[in-house]
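To start, the structure itself, in structure tokens.
What follows draws every value from the coordinates through simple rules; no lab data is involved. The structure presented is a predicted model; accordingly, all values stated were derived computationally and were not measured. Note: ideal-geometry Cβ built from the backbone for every residue, glycine included; neighbour counts use all protein chains shown.
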Amino acid sequence: MKHLVDLNTWNRKNSFDFFLNFQNPNISVTTEVDCTHAMSIAKEKGDSFFIYYIYAMLSAMNEIEEFRYRIKSSEEVYFYDSIDITTPILLNDDGDCCIVRIPLISEFKEFYASAHKIIELAKTETESNFNKSNDDVIESDPFGTIFLSATPDLYFTSLIGAQENKYGNSYPLLNVGKAIIREGKLVMPVAVTISHAFADGLHISRFFSKVEAVLNNF
């Protein structure tokens, strides 16, 4: 469920007004996340590590209020009680992808089963599917989600997400890169892009801390 925010009483009104008319009101941060434990558990069980980390990131964003605001226009901001995750599933070596939307389920085993079913169904598609979502989670409102793009063969140290419109992005963008060994730990680069009107470095730091906490507790 979403709620229209009263901009006059909103605790981020000053930040919203300040960043709204910037040429680029987004903030993008890239850092490495320790995924040693989660990768080990996923391999041991024969599970998809991809589903492990999208669960961690979706759970973390749902725990932080600032990641659940969405901008529709200069005069309309909405707050969501919970958000889903949207991600492209690679179909072939030509780069064709099927976009799927995976709903939040707090219990990991149930989330894993649901996500795995959605992803495997997407892999049966034969062409890109950028204009629709999987039927079982489709809704008329496209903003109650975050968008995650994975590049498991590419390690990066910095990334700037695309800007959707002059007000910034309507939802946060996540990019996850290739995991590498650093100082005896397996780490992967994660980039987050979000409107600075909604979140600051403090909230982004909390997000990364929560992601690592989930990954370390599978």
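At-a-glance table
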| quantity | calculated |
| --- | --- |
| Fraction of alpha-carbon pairs over 15 Å apart in region 85-125 - percent | 41 percent |
| Length released on extending from HIS116 to ASP153, taking residue separation times 0.36 nm less the Cα-Cα span | 11.2 nm |
| Cα-projected label distance for THR126 with ILE105, points at 7 Å along beta-carbon direction, nm | 3.0 nm |
| Cβ-derived FRET efficiency at R0 25 Å, ARG182 paired with GLN23, nearest 0.05 | 0.10 |
| Among ASP153, ASP94, ASP84, residue whose mean-square fluctuation peaks in a GNM of the chain (springs only between Cα atoms under 10 Å) | ASP94 |
| Value of Rg/Rh across region 2-215 [Cα atoms, Kirkwood radius] | 0.96 |
| Simple spin-label estimate for ARG206 and ASN92 in nanometres, 7 Å along Cα-Cβ | 4.5 nm |
| Ranked packing of 38-50, 196-208, most packed first, by mean Cβ within 10 Å | 196-208, 38-50 |
| Bins of 5 Å from zero: percent of alpha-carbon pairs in region 64-113 | 5, 15, 15, 18, 17, 15, 10, 5, 1 |
| ASP141 versus ASN8: modelled label distance in nm, points set 7 Å from Cα along the beta carbon direction | 2.3 nm |
